[in-house]
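Contents: one structure, followed by commentary.
The numbers here are math on the coordinates, done by the rules we state, and not lab data. Worth saying up front: this structure is predicted, and the values here are computed from it rather than measured. Backbone-built Cβ (ideal geometry, glycine too); neighbour counts: all protein chains shown.
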Amino acid sequence: DATKGTAGDCQPCPCPSGATCAVVPKTREVVCTNCPAGTTGKRCELCDDGFFGDPLGQEGPVRACRACKCSDNIDPNAVGNCHRETGECLKCIYNTAGFFCDRCQEGFYGNALAANPSDKCKPCACSPFGTVDQQTSCSQVTGQCSCLPNIAERDCSACEPGFYNLHSGKGCEQCKCNPIGSTN
Amino acid sequence: GPTPRPDVQPLPPGTHLLYAQSGRIEHVPLEGYNMKREEAKTLLHLPEKVVIGVAYDCVDKMVYWTEISSPSISRASIQGGEPAPVITSDIDSPEGITIDHLSRTMFWTDSMKDRIEVASLDGAQRKVIIDTDLVNPRAIVCDPPSGYLYWADWNREAPKIEASYMDGSNRRVLVKDDLGLPNGLTYDSQTAQLCWADAATHKLECMNPGRSDRRQLLDGLQYPFGMANFGKNLYYTDWKRDAVVAVDRYTGKESEEFQPQKRTKLYGLTAAYSQCLQGQNYCGVN
């Protein structure tokens, strides 16, 4: 406030070098109006969209703004791909999930970090008849669904040899064929 | 003397382009169709926000914007009013926004909820009008006199431009072939031209939605994002050039480029007219 007539009327902007600032009259809050490239915020403490970091070191050491790190599992045409401070990935694609889009989404399995999108995460597609509690999720790595008793296959879609009645919902039952009258 | 409010600056009379750039909404006045770049200024400082879409209500002279850092839709008078939120809940990644100044409603796309919604300008009477077959809905525009809504979905597997009535009925695909990332869309009621800018095919194309007379206006675009039109010109923001680019619709040539001082991505773009276009639609009647 240059109208008070004291030596401390004008103070330097609390902004990184080169940035200008202004006072919001109602709240008397000082905000920076011309933050350095790639940064924004009242004090130039935030990174632009698509970048993350802590350019002023408010939460610890200074971390310069850098592009979202999401294991190549985001689309550069999207907006808001990661959290501007933590870098948490917010728009994972190819059925991936996780802080860095580095694992498969619930209900999918495979290698989220595979180079080719078609090799990344495939749907578990567990058989509703053969899977415990009709679960839709499977082992992240192998894709094995958790099968009811005497059921085989990754997706629990078939009875083990010598068993039948997959659709019972309780697992497969033994065939109990008479060994004398049966061919196998 | 005391500094003026840094977060709100009134807009002088005339037509302006409003565009979003890193925590603020800026404006550049138009003189005829030329951008008066030396008079470009900040309209709103929104330092913690990531503003994506901007729209203008010519009746109340308010600017509306979508914002994704604390997902919401807000508005402020361009004559120096306070920013005020209008939609703050049940919204994940609002992107495009358009205003039907006749029926006093706004429409927006949400790229995480994958839907299109409508609400009155104060946020009341909210309703989802499209919630199927959307993957990456972004640009949305309306034609209040005819009651049509147009939007683009940049789904890389199957990008498309669609149309429906303003209640979501009579939905149909207008364009699906030879599209890549149709980020920008604009409609001119006077000439019935729907134009779009594609960041993957690098083309600027137009059509009359009732005639399917699609044609290319310009190619070699770098990375278009937002789009608007005024009179003979189309305008788009470009992520690679960090600029607003003007294209003459009749010659199909780029006529001007405005690169703001700050070198960072420009997002949504809209034209703020000094007067509304005349007209009335069925939503305004009942």
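For chain A, the relative contact order works out to 9 percent when only alpha carbon pairs closer than 8 Å and six or more residues apart are counted. As a length-normalised measure over Cα pairs under 8 Å and 6 or more apart, the relative contact order of chain B settles at 15 percent. The fewest-to-most ranking of B:154, B:196 by surrounding Cβ atoms within 10 Å reads B:154, B:196. Compute the semi-axes of the equivalent ellipsoid of the protein assembly as shown, taking the square root of 5 times each eigenvalue of the Cα gyration tensor, and list them largest first in whole Å. Semi-axis lengths for the protein assembly as shown are 48, 30, 20 Å.
Simple spin-label estimate for residue B:34 and residue B:61 gives 2.6 nm between the two label positions (7 Å along the Cα-to-Cβ direction from each Cα).
Counting beta carbons within 10 Å around each of B:129, B:140 and listing the fewest first gives the order B:129, B:140. Placing +1 on the Cβ of every Lys and Arg and -1 on the Cβ of every Asp and Glu, with no other charges, gives chain B a dipole of roughly 280 debye about its Cα centre.
Helices in the protein assembly as shown, meaning DSSP H runs of at least 4 residues, each add -39500 (n - 2.57). Divided by all residues, the mean residue ellipticity at 222 nm is 0 deg cm²/dmol. Listed by chain and number, the lysines whose C-alpha is less than 21 Å from the C-alpha of residue A:26, apart from same-chain residues fewer than 8 away, are A:4, A:42, B:49. Of the residues A:146, A:156, A:78, the one whose Cα sits farthest toward the positive end of the charge dipole of chain A, with +1 on the Cβ of Lys and Arg and -1 on the Cβ of Asp and Glu, is A:78. Under conditions of 20 °C and 1.002 mPa s, chain A yields 100 µm² s⁻¹ as its translational diffusion coefficient, taking Rh as the Kirkwood radius over Cα pairs in the Stokes-Einstein equation.
This model, with +1 at the C-beta of Lys and Arg and -1 at the C-beta of Asp and Glu, gives region A:124-184 a dipole about its Cα centre of some 80 debye. One quarter of the surface of the convex hull around the alpha-carbon atoms of region B:16-285 equals 12.7 nm², the direction-averaged projected area. What you get for region A:31-184, charging only the Cβ of Lys and Arg (+1) and of Asp and Glu (-1), is a dipole of about 20 debye around the Cα centre.
Using alpha-carbon pairs under 8 Å, 6+ residues apart, how would you state the relative contact order of region A:84-184 in percent? Relative CO of region A:84-184 lands at 17 percent.
Close amide H contacts of residue B:241 (hydrogens built in the peptide plane, cut-off under 5 Å, sequence separation of 5 or more or a different chain): B:223. Cross-link reach is defined here as a Cα-Cα straight distance under 24 Å, omitting same-chain residues fewer than 8 places apart; for residue B:203 the lysines meeting it are B:160, B:176, B:232, B:240, B:253, B:265. The residue among A:40, A:17, A:51 whose Cα reaches farthest toward the positive pole of the charge dipole of region A:1-76, with charges on the beta-carbon of Lys, Arg, Asp and Glu, is A:17.
Region A:78-94 and region B:94-111 have their alpha-carbon centroids 25 Å apart.
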